[in-house]
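A short write-up of the structure that comes next.
The values are calculated or read from the model by the stated rules, or taken from the named source; none is laboratory data. Given the structure is predicted, the values throughout are model-derived calculations rather than measurements. Because the Cβ atoms are built from the backbone with ideal geometry, glycine has one as well, and the counts that use them run over all protein chains shown.
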Amino acid sequence: MAYSETKVVLGGLAHIPIIIGFFYLIRRQYSFGAMLRTGNNALSEKVSSAPSKPAAPAKPAAPAKPAAPAKPAAPAKPAAPAKPAAPAKPAAPAKPAATAKPAAAKKPHSEVPVNTYKPKAPFTGTVTENYSALKEGAIGKVQHITFDLSGGDPEFKYVEGQSCGILAAGEDAKGKPHRPRLYSIASTRYGDNFAGNTLSLCVRQLQYEKDGETINGVCSTYLCNLSPGDKVKISGPVGKEMLLPEEEDSNIIMLATGTGIAPMRAYLRRMFEPTEIEKHNWKFKGKAWLFMGAPKTANLLYNDDFEHYKSKFPENLRYTKAISREQQNTKGGRMYIQDRVLEHADEIFNMIENPKTHIYLCGLKGMEPGIDEAMTTAAAAKGLDWAELRPKLRKAGRWHAETY
Ligand code: FAD
Ligand code: A2P
């Protein structure tokens, strides 16, 4: 009896490794199945997260960046284990086929320069002009500033509708160089002198009151106070959102408030300035309609030029002003461009029905909801749903907005 008891116990013990092995196999099989189902390599995720627990392996990265220690999230770099999936990149040989694609479909504006000069290695331009863009009695300070761009290697080239970065001289409160601020370029690619080597901006000095003190914006104040001959660090050009269509018979609706007129000035010069027209092979044949919002008549930027274009090209240019502190809307409030949009809703939507019509919006961020509301009402009057139409226009590259 004692003999057989021992035998049973030993026999039972002998089965333990077999049972462990059996469970191990089941578990492994299960994990593999899960990996196939989810596409995640659950096994390697465990492996990678395991070393992160000791934290030690992750620490070597920490000394490099003082901020890194604060990034305990970094060890969670389980994103790395995902890399094993990369071996699956043998799909790469498929790329040669992809390289054949570009010849088929060249994106519009693919040749437009972007980031020729990065903020870390900016171009140094020289101020040639800096004058007030306002008339007597206007509110605030808005300057038209031109920079000489010649001598760049590579050359600093841009097209209408792009922006550039300005790095104000000096340092911020932490003793670091000021971060760049973006400004819409207000000149055409040929520049105000038509020589193709300058860039102009239209800058409003930011000023506001805080705790009884007047605060001046860093970069806008720096720009507005520059003198001819001053050297300025410029990055860019940037942006493809506000580019003009290439078709000469496009229709261009422009909605601008304040310095949002900058890209529109470039478009209008390209379309209607005689020397510009001589310079290029692009002859605008469509309809352009500018809606401009300003607080006072004296604040209407480039107004004389636009009036002149309108008188020369009455068939091609319409110019509608919303002068908020001199005119009233139907409700007795300040006249904003969205009120003008509503007044002309029918004509605007007739234009929008034409696939050759593009809409450009630039200036105060605050105007976007107002414009949306006006377009919603105007669209509804035509039995259209603006919430549906706007994304379609955007997708078609016909709705262009840059607000700040
Ligand atoms: P900052 O010193 O940077 O001060 C701005 C900060 O002040 C704000 O972030 C906010 O925190 C605070 N502030 C601002 N107003 C108030 C207030 N009323 N009360 C309390 N706090 C306030 N500007 C132009 O003049 N012309 C252009 O053509 C132009 N184009 C632009 C294009 C793009 C794509 C973008 C993104 C911006 C553009 N801007 C343009 C705006 C420009 O980039 C700067 O933001 C602007 O000049 C202010 O910069 P600043 O350095 O003078 O102000
Ligand atoms: P206001 O300031 O009288 O309320 P500027 O940049 O030269 O000040 O011009 C901006 C113009 O845009 C002003 O006429 C200003 O009117 C107007 N404006 C201000 N807020 C809005 C808004 N939410 N929608 C449309 N226009 C606006």
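Structural remarks
- Candidates 312, 365, 331, 392 - the one that is at pLDDT 95 or above and in contact with a strand residue (DSSP E or B) (Cβ under 6 Å, 6 or more places away or on another chain): 365
- Condition met for residue 209 (more than 16 Å from ligand 2 (Cβ to nearest atom) and among the charged types (D, E, K, R)): no
- Residues satisfying the stated conditions in the range 334-362, i.e. among the aromatic types (Phe, Trp, Tyr) and modelled with pLDDT of 95 or more: 336, 360
- Whichever residue in the range 207-223 is in contact (Cβ under 8 Å) with a residue 40 or more places away in the chain and surrounded by 20 or more Cβ atoms within 10 Å (Cβ to Cβ) and, among such residues, is nearest to residue 188 (Cα to Cα): 223
- Residue 235 among the small types (Gly, Ala, Ser) and assigned to a loop (DSSP other than H, G, I, E, B): no
- Flag for residue 359 being of a type in the set (Val, Ile, Thr), within 16 Å of ligand 2 (Cβ to nearest atom) and closer than 26 Å to residue 248 by Cβ: yes
- Residue match in the range 359-369 (condition: within 25 Å of residue 262 (Cβ to Cβ) and acidic (Asp, Glu)): yes
- Residue count for the range 202-248, restricted to those that are in contact with a Lys or Arg (Cβ under 8 Å, 6 or more places away or on another chain), more than 27 Å from residue 284 (Cα to Cα) and more than 8 Å from ligand 1 (Cβ to nearest atom): 3
- Residue list for the range 366-382, filter: surrounded by 15 or more Cβ atoms within 10 Å (Cβ to Cβ), more than 16 Å from ligand 1 (Cβ to nearest atom) and closer than 15 Å to residue 293 by Cβ: 370, 371, 374
- Residue within the range 140-162 that is near ligand 1 (Cβ under 8 Å from one of its atoms), surrounded by 15 or more Cβ atoms within 10 Å (Cβ to Cβ), in contact (Cβ under 8 Å) with a residue 60 or more places away in the chain and within 18 Å of residue 124 (Cβ to Cβ) present: no
- Leading residue by the ranking (farthest from ligand 2 (Cβ to nearest atom)) among those in the range 152-177 that are touching a strand residue (DSSP E or B) at 6+ places or on another chain (Cβ under 6 Å) and assigned to a loop (DSSP other than H, G, I, E, B): 152
- Members of the range 247-280 found to be in a loop (DSSP other than H, G, I, E, B) and either modelled with pLDDT under 95 or surrounded by 19 or more Cβ atoms within 10 Å (Cβ to Cβ) (or both), listed by number: 250, 273, 280
- Scanning the range 276-299 for residues that are free of Cβ contacts under 8 Å to residues at least 40 places away in the same chain and within 16 Å of ligand 2 (Cβ to nearest atom) returns 290, 294.
- Residues within the range 317-339 that are more than 11 Å from ligand 2 (Cβ to nearest atom) and of a type in the set (Lys, Arg), tallied: 2
- Close pairs (7 angstrom Cβ cut-off, 6 or more residues apart or separate chains): part of a helix (DSSP H, G or I) in the range 369-381, within 16 Å of ligand 1 (Cβ to nearest atom) anywhere: 371/255; 371/361
- Within the range 372-404, being closer than 19 Å to residue 262 by Cα and out of contact with any Lys or Arg (no Cβ under 9 Å at 6 or more places or on another chain) holds for one residue alone: 402.
- Only a single criterion out of (1) over 25 Å from residue 110 (Cβ atoms); (2) free of Cβ contacts under 8 Å to residues at least 60 places away in the same chain is not satisfied by residue 204, namely (2).
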